[in-house]
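The values are calculated or read from the model by the stated rules, or taken from the named source; none is laboratory data. Treat the numbers as computed from the prediction; the structure is a model and nothing was measured. Because the Cβ atoms are built from the backbone with ideal geometry, glycine has one as well, and the counts that use them run over all protein chains shown.
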Amino acid sequence: MRIIHTPRPFKRKLLLALAACAVLAGATTAVVMAAQPSSRSSSAAHPHRGGLLASAAGYLGVTPAQLRSELRSGRSLAEIANATTGKSAAGLIAAVEAAQHAKLAALAASVPARVTAEVNAPRHRNRRLTAAAGYLGISAAQVRSELRSGHTLAQLAAASPGRSQAGLVEALVAARKTALAAEVAAGTITQAQANAIAGKLARRVTAQVTRVHHTHPASHKHAGASGT
């Protein structure tokens, strides 16, 4: 049976999310009640940064910058909440927990789509070979054999009636963009990441189709042995 491995970044994010669920309530209470250091310190010493800070600021009706300034004076989030009209430490804890739970719920909801996309997606090299074979009108096995014999994808396109290197590049770029769109839809990557990758596709694909893949491991080994 073939084992499908979930991508490491997504697996790490999911594990962190599950761990966060287990300690969310206690951790939130501890952060809200703790006084914040007034001196400059490392980012690791500031658990109020990021999402928690934004959630707390939203509940208190201030900007994250204003809240950060208050925290630097040595006051705790609980003290700030209790000193704010109509707010309280208990209300702040509930608001922050609700925001964190919402984020975790969104992550959990995306799990089926992400896993399905990962299971169904071909590996990047196989996807490129399949797209090239489709454009050239031959099988992926034939393309692989030609590449191993020392030909480039560009040479294969030039030798195929009605095909060209430019047309091959265009086909491969289109196939990769389609795959990127699917990854964005599945939540595997963001639209910004997809746009960044797409902007470099033409140059990268052009380099790939003109690259010689053929190597002679045995020949290199013999050459190295004869030279000693």
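Taking Ala113 as the residue in question, decide whether it is in a helix (DSSP H, G or I), modelled with pLDDT under 90 and over 25 Å from Ala181 (Cα atoms). Criteria not met by Ala113. Across region 74-87, the number of residues qualifying as loosely packed, with under 13 Cβ neighbours inside 10 Å, modelled with pLDDT of 90 or more and of a type outside the set (Val, Ile, Thr) comes to 2.
Residues of region 116-141 being at pLDDT 70 or above and assigned to a loop (DSSP other than H, G, I, E, B), which ones? If you could, list the steps in order and put the result at the bottom.
We begin by selecting, within region 116-141, every residue at pLDDT 70 or above; these are 126-141.
The answer is Gly137, Ile138, Ser139.
For region 156-173, taking the residues that are closer than 28 Å to Ala196 by Cα and touching a residue at least 24 places away in the same chain (Cβ under 8 Å), the one that is surrounded by the fewest Cβ atoms within 10 Å (Cβ to Cβ) is identified as Gly167.
So that you can scan it fast, the table gives a plain yes or no per residue for (1) surrounded by 18 or more Cβ atoms within 10 Å (Cβ to Cβ); (2) in a helix (DSSP H, G or I); (3) in contact with a strand residue (DSSP E or B) (Cβ under 6 Å, 6 or more places away or on another chain); (4) not assigned by TED's automatic domain parsing to the domain that holds Arg128:
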{"site": "Val143", "(1), (2), (3), (4)": "yes, yes, no, no"}
{"site": "Glu146", "(1), (2), (3), (4)": "yes, yes, no, no"}
{"site": "Gly150", "(1), (2), (3), (4)": "no, no, no, no"}
{"site": "Ala154", "(1), (2), (3), (4)": "yes, yes, no, no"}
{"site": "Ala175", "(1), (2), (3), (4)": "yes, yes, no, no"}
{"site": "Ala182", "(1), (2), (3), (4)": "no, yes, no, no"}
{"site": "Ala192", "(1), (2), (3), (4)": "no, yes, no, no"}
{"site": "Thr206", "(1), (2), (3), (4)": "no, yes, no, no"}
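Residues that are of a type outside the set (Lys, Arg), over 13 Å from the mean Cα position of the chain (by Cα) and under 25 Å from Leu153 (Cα atoms) within region 182-200 comprise Ala198, Gly199, listed in sequence order.
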